[in-house]
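Just below is one structure, and these are the notes that go with it.
The values are calculated or read from the model by the stated rules, or taken from the named source; none is laboratory data. Values in this document were obtained by computation on a predicted structure and should not be read as measured data. Cβ coordinates were reconstructed from backbone atoms using ideal geometry, including for glycine residues, and neighbour counts include every protein chain displayed. The area values use the complete protein model at the heavy-atom level, side chains included, leaving out ligands, DNA and RNA. Shrake-Rupley method; radii C 1.70, N 1.55, O 1.52, S 1.80 Å.
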Amino acid sequence: MNPILEPLTFPDRQVQEESVVSTECECLFCSEVFDLKTSNDQILAHFLLSHKLVVADVKEIVDFKRYVDYWRPKFRECDPKSYCFVMEAENEKGEKEEYFMLAHELPEDQNLREKLQKEKLNLVLKQQQKERKDEEFSHCCLFCRKIFTGNRKLLFDHMNFDHNFSVGLPDNIVFVEEFLNLLDEKLAQNICLYCEKIFKDRTVLKEHMRKKIHKKINPLNKEYDKFYLVNYLEPGKSWKEIMDEFDEYCQNEDWSDWFEPETEAICLFCDFQSSAPDILSQHIASHNNFDFLGLKKSFSIYQQIKIVNYVRRQVHEKKCILCDEQFECRDELREHMQQLSHFKLPDQTVWDQSQYYFPTYENDALLCLLEDTIPEDSTETDQVTVIPEDTVINLKVVEEELLKLELIVKK
C-alpha cells in the first residue's frame, strides 16, 4: 500500500454538481421535457398555454432548472392555488379562466430565489478564487499567438499594454478559460469582437479593429455577462444597469456635510507641524531665526516656491543653506546654523534656479500656504519669457492659399 504523503481534501460538492448538471428540465405538471441550454422561452410558453401558469421576473432567477425542480413535487402533490397568486382573465370565447402566477412577492418564492442567488454567487466566488491561484494556466494571446503560462493576469496585461485590448480588471473575470475560448472562436471566424461584423480574412479584421478602435468586447452582448462577477451581485440586473445606478447615486449624493481635514505643513528646519500659516511662520521665526514672514513680503510667489524647495533640498541633504557645509545629521546641521547665524538665504543666484520650481517633497503642504503679496505691476516679479518655437514656413503653400483667396474674391 502506498503511503499518503500529503493531506487530502474532499472535492467541492457544489463545483462537482455544477460540472455534471443536465440542462434538460421536466415540466412542473406533465412529463414533457425541455432543453434550457439556449433559452427558457419554450418551457415558459408551455407553462402559459398548457397549464395557465406565469413565472414573473424570470431574469431574476439565477438557476431556473433548480427553481423548477423545487416547485415540481409541490405542484404535483397540491393544487397550485396553495402556492400561487390566482388571477381571472377572459379567453377568446369570453369565458373566464384562472391563471396562476409565481412571483417574488410570495415569501416562499422570494426565499427560494435568494437562496439560489447566494449559492450561485458563492460558487462563482470559489471558482474565481481557484482561477486566481491557478499557476498551471496556459493560453496563447488572441492577437500575436504568444503563449502565457502561470498567472492569467500576465496574459491580460500583455493584451492590454501590447495590443491595446482590454476586457477589464483580470480579478473581475471568472470562467477565464471559457471566456478566452469564446473570444478565440469569434476571431477564428473573422468576427469583430465589438461590432460583430464578419470579414473575409484575419488581416482585414485586424486592420478594421485597429482603425475603428474596436479592440474591445461588445458591452451589449449578454453572451459575456456570465464572465463578469458584477453580473452575479444583483440578479436580473446587468453590469451596465448597476454601473448606471452607481453613477446616478454619485451625481445625486449630497456632499454638503463633507469635512475636509486641514493639511498640516511642516517647518523648514524641524518636525513642528501646523495648519495655520501665521503660527507656522512665527515658529520658524522664533525657533530658527529665519524671517519667513519677511520672505513672503519681499519675494513673488514663484520666488517663494524656489526658496522653500531650495531650503527643503539642503536640509534633506544635511547641508547648510548659507555656506553649503555637509553634516552627519540634522541636529549637527541645526547647531551649526544657530551658532553661526546661518539661518539666512545665500546669494540669489544659488536658489533662484528653475530646478527649484519642482518640489523636494511631493506632498509639501507648506507650498499651499504661500501667497503672492507683491502687486502685479511691480517690476520685482518674475518675468516668464516665452521663447517661440522655430517654425519653417512653406512659401509655396502660402502662395496657393493666397491664389485661392484671390479667385474667391473675384467671383
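Within the option set Tyr356, Tyr361, being in contact with a Lys or Arg (Cβ under 7 Å, 6 or more places away or on another chain) and assigned to a helix (DSSP H, G or I) holds for one residue only, Tyr356. Taken over segment 99-137, the criterion of being of a type in the set (Phe, Trp, Tyr) and not in a strand (DSSP E or B) is satisfied by Phe137 alone.
Can you name the residue in segment 176-195 that is of a type outside the set (A, V, I, L, M) and open to solvent by 50 Å² or more (accessible area, probe 1.4 Å) and, of all such residues, is farthest from the chain's Cα centre (by Cα)? This residue is Gln189. Can you find a residue that is among the hydroxyl-bearing types (Ser, Thr, Tyr) and either modelled with pLDDT of 65 or more or surrounded by 10 or more Cβ atoms within 10 Å (Cβ to Cβ) (or both) anywhere in segment 247-256? Checking segment 247-256: not a single residue is among the hydroxyl-bearing types (Ser, Thr, Tyr) and either modelled with pLDDT of 65 or more or surrounded by 10 or more Cβ atoms within 10 Å (Cβ to Cβ) (or both). Search segment 196-219 for residues being closer than 22 Å to Phe156 by Cβ and hydrophobic (A, V, I, L, M, F, W, C), and hand back the single one that is most open to solvent (accessible area, probe 1.4 Å). Residue satisfying both the conditions and the ranking: Ile213.
Under the condition of being open to solvent by less than 40 Å² (accessible area, probe 1.4 Å) and without any contact (Cβ under 8 Å) to a residue 40 or more places away in the chain, which residue from segment 296-336 is farthest from His283 (Cα to Cα)? Restricting to residues being open to solvent by less than 40 Å² (accessible area, probe 1.4 Å) and without any contact (Cβ under 8 Å) to a residue 40 or more places away in the chain, the top hit is Phe327. Take segment 138-166 and flag every residue that is surrounded by 12 or more Cβ atoms within 10 Å (Cβ to Cβ), assigned to a helix (DSSP H, G or I), out of contact with any Phe, Trp or Tyr (no Cβ under 7 Å at 6 or more places or on another chain) and among the hydrophobic types (A, V, I, L, M, F, W, C). Correct list: Phe156 only. Screening Leu169 on (1) in contact (Cβ under 8 Å) with a residue 12 or more places away in the chain; (2) open to solvent by 40 Å² or more (accessible area, probe 1.4 Å); (3) not aromatic (Phe, Trp, Tyr) shows it passes everything except condition (1). Looking only at residues of segment 338-361 that are surrounded by 15 or more Cβ atoms within 10 Å (Cβ to Cβ) and touching a helix residue (DSSP H, G or I) at 6+ places or on another chain (Cβ under 8 Å), we find that the one that is nearest to Lys306 (Cα to Cα) is Tyr356. Taking the numbered list (1) within 43 Å of the chain's Cα centre (by Cα); (2) part of a loop (DSSP other than H, G, I, E, B); (3) surrounded by 17 or more Cβ atoms within 10 Å (Cβ to Cβ) in turn, Leu28 passes all entries but (1).
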